[in-house]
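*Asks:* Quick one: the structure is below, questions incoming.
Rule-based calculations on the coordinates, nothing more; no lab input. None of these values were measured; they are calculated from a predicted model. Methodologically, a virtual Cβ is constructed for each residue, glycine included, from the backbone with ideal geometry; neighbour enumeration extends over all protein chains shown.
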Amino acid sequence: MALLNIQHLKVYYPVRGGFFRRVVDHVRAVDDVNFSLNKRETYGLVGESGCGKTTTGRTIIGLIRATAGEVLFEGTDLTKLRRREFHPYRKDIQMIFQDPYSSLNPRKRVLDIVAEPLRNFERLSPHEERQKVQYVLERVGLSAESIYKYPHEFSGGQRQRIGIARALTLNPKLIIADEPVSALDVSVQAQVLNFMKEIQQEYGLTYLFISHDLGIIRHMCDRIGIMYRGRLVEEGTSEEIFTNPQHIYTKRLLSAIPNADPRERGRQEALRREVEKEYEQSYSRYFDENGRAHPLKPISPTHSVAIP
Ligand SMILES: Nc1ncnc2c1ncn2[C@@H]1O[C@H](COP(=O)(O)OP(=O)(O)OP(=O)(O)O)[C@@H](O)[C@H]1O
């Protein structure tokens, strides 16, 4: 069974207007999205800014309410749970945020930051708590003395490690990583990404990895879902997406990756020409008259995906 199965997920934000601030329209941030995550795999959600990646991640973890659809975690539909019923699942699903500068409270010591999830779920003595926090900190490559320091005393990469330590304290099953390295210097991005792969092995983690950066997605992910304006338009293994993209939007994304390798640049130029031709000839195969992509049909994890 898949660890996570998203079925027909929709998240619409109300748009208010007029004197009475009535709801006059909706932003269809996530519009009939289906995908699933197998245990221990890394699934990448990729697409340009505003396509609905963050909304999808935050809805899974319960920070945003779904308008419709199901988020099945080990078979339980999380969207139907009340706050109190959801609580135990928060232990299994943790999030790593984009910006390690703003996601850590600057007035709290590292001990309190990393122990926060523990305090919500486990009754430990101060001594046990400190031991546990020091253990995970050492595991993420920080010294045990770090517990007495404040976030500003660390570099960006180290701060993201503190964020990862906080996510790990409860031994989660699923981690949603929303642009986890995009606020970091390029020189430390690879270190943090490789480190995330290491702890995935060690802790048996499943990742939902959200990024607009195809290079990072290729490095990290086993399977990839391409999002465009609230819809998942293509899904495949990393290999399939990068060597044989099917959807015109995926081709457009791939043709736009900055690339230093001249052979890759040749392939990209060919893709670009193909995209232009397909836009002219078979636009309606991919998009409706309003420019919205046709959604991917729901699939079971073992079946291959039919591209519309
Ligand atoms: N609270 C909100 N109220 C209204 N509209 C919103 C809200 N949050 C997001 N949106 C809109 O929903 C759409 C999807 O946003 P979302 O942040 O999920 O996209 P994204 O792909 O994660 O983009 P980014 O990479 O820029 O964060 C966008 O059009 C956005 O403007």
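*Asks:* What size of dipole, in debye to the nearest 20, comes out for the range 1-103 about its Cα centre when the only charges are +1 on Lys and Arg C-beta atoms and -1 on Asp and Glu C-beta atoms?
*Replies:* My answer is approximately 500 debye.
*Asks:* Using a 10 Å cut-off on Cβ atoms, rank the peptides 163-170, 274-281, 71-78 from the highest mean neighbour count down. Present the calculation step by step, with values, prior to reporting the outcome.
*Replies:* Numbers: 163-170: 23.6, 274-281: 13.1, 71-78: 16.8.
Peptide ranking by packing, descending: 163-170, 71-78, 274-281.
*Asks:* Below 8 Å, C-alpha to C-alpha, sequence gap of six or more: please give me the relative contact order for the chain in percent.
*Replies:* Numbers: 552 pairs, mean separation 70.4, N = 308.
Taking the mean separation of contacting Cα pairs over the length of the chain, I get 23 percent.
*Asks:* Considering only DSSP states other than H, G, I, E and B, which GluC sites (Glu not before Pro) in the range 236-267 qualify as loop sites with at most 13 other Cβ atoms within 10 Å? The partial results should precede the final answer.
*Replies:* Numbers: sites: 239, 240, 264; in loops: none.
Counting only loop positions with at most 13 other Cβ atoms within 10 Å, none of the GluC sites (Glu not before Pro) in the range 236-267 qualifies.
*Asks:* So, one more: Could you check which residue among 16, 159, 83 shows the biggest mean-square fluctuation in a GNM of the chain with a 10 Å Cα cutoff?
*Replies:* Top of the fluctuation ranking is 16.
*Asks:* How far, in degrees from 0 to 90, does helix 186-203 lean away from the longest principal axis of the Cα atoms of the chain, to the nearest 10?
*Replies:* Between helix and principal axis, roughly 70 degrees.
*Asks:* Do you know the Lys pair count in the range 4-286 for C-alpha distances under 25 Å, with sequence separation 8 or more or different chains?
*Replies:* Taking the range 4-286 as the scope, the lysine pair count is 28.
*Asks:* Where the only charges are on Cβ atoms (+1 Lys, Arg; -1 Asp, Glu), what is the dipole of the range 150-278 about its Cα centre, to the nearest 20 debye?
*Replies:* I would put it at about 200 debye.
*Asks:* What is the magnitude of the charge dipole of the chain about its Cα centre, with +1 placed on the Cβ of each Lys and Arg, -1 on the Cβ of each Asp and Glu, and no other charges, expressed in debye to the nearest 20?
*Replies:* Numbers: 45 positive and 39 negative charges, 205 e Å.
Here the chain has a charge dipole of around 980 debye.
*Asks:* Something else now. Once the mean 1/r over all distinct Cα pairs of the range 1-74 is inverted, what Kirkwood radius in angstroms do you read off?
*Replies:* 13.4
*Asks:* What 222 nm value per residue comes from the helices of the chain, counting each DSSP H run with n ≥ 4 as -39,500 (n - 2.57) and dividing by all residues, nearest 500 deg cm²/dmol?
*Replies:* Counting only the DSSP helices, I get -12000 deg cm²/dmol.
*Asks:* Could I ask something else about it? Please report 114, 140 as a ranked list, fewest other C-beta atoms within 10 angstrom at the top and most at the bottom.
*Replies:* Exposure proxy ranking, most exposed first: 140, 114.
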